[in-house]
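J.: Before I ask anything, here is the structure I am working with.
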Amino acid sequence: MVSSRKIINSLQPYVPGKPIEDVQREYGLTEVIKIASNENPYGCSELAKKAMMEAMSTPALYPDGNATLLKEALSTYLKVNKDQLLFGAGSDEILTMIATVFVNPGDEVISCTPSFPRYKSAVQLMDGKFVEVPTMDYTFDLEGILKAITDKTKIIFIANPNNPTGTMITKQQQLEFIKKVPSDVLIVLDEAYYEFAKDGDYPESIPLLKEYDNIIILRTFSKAYGLASLRVGYAISHPTIIDLINRVRGPFNVTTMAQKAAIAALKDQEFVNSTVKANKKVREYTYKKCEELGISYADSHTNFVMMDVGKPGAEIFVELQKKGIIIRPIGPTNLIRVTLGTMEQMEKFFAEIEKLV
Ligand SMILES: *Cc1c(COP(=O)(O)O)cnc(C)c1O
C-alpha cells in the first residue's frame, strides 16, 4: 500500500450536519427539519435563482477563472479595489489556501476553542502547530491570544461572530487587539455572519485594510445570502496578500452558476435585509422560550444560538432526531448549537426540547 504524508493519518474528515434524507430513512419519518448547519431557512433571492437558470445553458464551458464580473460587482459594492478580492468555493476553500500559502512546518497558528474546526485542519494539513486558547465566557479571548503569540506565530484566526458560540467582539476590542499584533503575523477575520452582526458595536473591518497589510477578511454567500450549495465565498485584503493566495488557487474554483448567482444576489439586498429582520424576530422568540424553560444561552449575533441543555448535547441530538429535528451537539458537553429556522420550525423545536430538558 502506498503511504500518505504522516499528518494525514491524524486528520479526521469533517462531520457535516446530518442530511435530511438520512434522518428520514433512518427513522422512517416524512417531515424532518434541519436546523443544524446555519443555512438560510428563507432560501435565496429570486434574482439569484433566475441567474442560476440562465447559467444552466452553458455547462459545457469552463467558468471565468478570474470571476471578472463578480469581482467588478463586489468591488463596487464594497468600495474596494478589484485586486483586493479573491473568490473561493466557499470561504472554507480560502482557509485552506491561506494555510497553504503562509504556514511552514512548525509555524504556530493561534485561534480560540470552541470555534470553527476548519482552521485547525487547514493548519495541520501544512504541518503547522495549532495553538488553542479557550474562549472566555464563550467569547474570543483576545488577551489570551496576545499572550500566546511567540516568534513562531504566523496566523491568528478570529471568527467574528464566533461559530459555534454566536458571540462577537466589538469594534473597540478588535482595534485594540490589532494594534498589539506584530505586523508579520497575519490576522484572519472570518466574518461569515457579517450581515447578521453588522451595526451596533460590530466592527467595520474593511477600513482597517488602508492601514494594515496583515489582515484578511473572509465573507461568504452561504449564510445570509442563502447560497450555501453553490459554494462561493471571498477574501478582502491587501493586493500583495491576494496575489500570493491567487498562486495556489485552482484555475476554475468557482462555478459559472455560483458566480452568476452571487452577482444577482448582491443586487438583491432586499432579500438579505428581510432575512436579517426575520432572523432577529426568531432570535428574540428563541431567547424568550429558553428563559421560560430555564435553558441558558450565549448572546448571539448570528443565525444560530448556542444553548446549555443541562445534559449531554449528544443525547439531546439523538432524541430530537427521532422526532425529525436535526440540531448540532457541541463536542462532549451539555451545549448544542441550534440554527434559527423559521418561526414554525422553532415552535416545533421548542415543543420537543421542552420534554427533554
Ligand atoms: C459557515 C462558515 C464558514 C464557511 O462558509 P462557506 O460555505 O465555506 O463559505 C466559514 N467560517 C465560519 C465561522 C462559518 O460558520
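J.: Cα gyration tensor of segment 1-131, axes a ≥ b ≥ c as square roots of the eigenvalues: rounded (a/c below 1.5), prolate (a/b > b/c) or oblate?
T.: oblate
J.: Can you tell me which of 347-355, 244-252 comes out highest on packing, and rank the rest after it, using the mean Cβ neighbours within 10 Å?
T.: By packing density, highest mean first, the sequence is 347-355, 244-252.
J.: Let me ask something else. Once the other residues with Cβ under 14 Å from the Cβ of M136 are scored (Lys, Arg +1; Asp, Glu -1), what is the net sum?
T.: Neighbourhood net charge equals -4.
J.: Further question on the same structure: For the chain, state the semi-axes of the equivalent ellipsoid (square roots of 5 times the eigenvalues of the alpha-carbon gyration tensor), sorted largest first and rounded to whole angstrom.
T.: 31, 26, 21
J.: Could you give the length gained by full extension between M343 and K267, i.e. 0.36 nm per residue of separation minus their alpha carbon distance, to one decimal place?
T.: Here the answer is 24.7 nm.
J.: Continuing with this model, one more query. For the chain, set up a GNM with springs between Cα atoms under 10 Å and report which of P41, P161, P105 has the largest fluctuation.
T.: P105
J.: If you don't mind, there's one more thing I want to ask. Show me the ranking of peptides 181-192, 141-152, 108-119 by mean Cβ neighbours inside 10 Å, starting with the highest.
T.: With the highest mean Cβ count within 10 Å placed first, the list reads 108-119, 181-192, 141-152.
J.: Can you give the % of DSSP beta bridges in the chain that are antiparallel, to the nearest 5?
T.: Antiparallel bridges: around 50 percent, rounded to the nearest 5.
J.: What are the lysines whose alpha-carbon lies under 16 Å from the alpha-carbon of K355, with same-chain residues fewer than 8 places away excluded?
T.: K355 reaches K289, K311, K322, K323.
J.: Just rank Y193, Y212, fewest to most, by other beta-carbon atoms within 10 angstrom.
T.: The order, fewest Cβ neighbours first, is Y212, Y193.
J.: So how far, in whole Å, is the C-alpha centre of segment 1-72 from the one of segment 166-237?
T.: Cα centroid to Cα centroid, the span is 23 Å.
J.: Cut-off under 21 Å on the C-alpha distance; same-chain residues fewer than 8 positions from K120 excluded. Which lysines are left, in chain and number order?
T.: K6, K129, K147, K152, K154
J.: Taking the alpha-carbon distance from K71 and a cut-off under 25 Å, which lysines remain once sequence neighbours fewer than 8 residues away in the same chain are dropped?
T.: Once the sequence-local lysines are set aside, what remains near K71 is K49, K50, K79, K82, K198, K210, K223, K260, K267.
Bear in mind these aren't lab numbers, they're just calculated from the coordinates by the rules spelled out. Just so you know, these numbers come straight off a predicted model, no measurement behind them. Every residue, glycine as well, gets a Cβ built from its backbone with ideal geometry; the counts of neighbours run over all protein chains shown.
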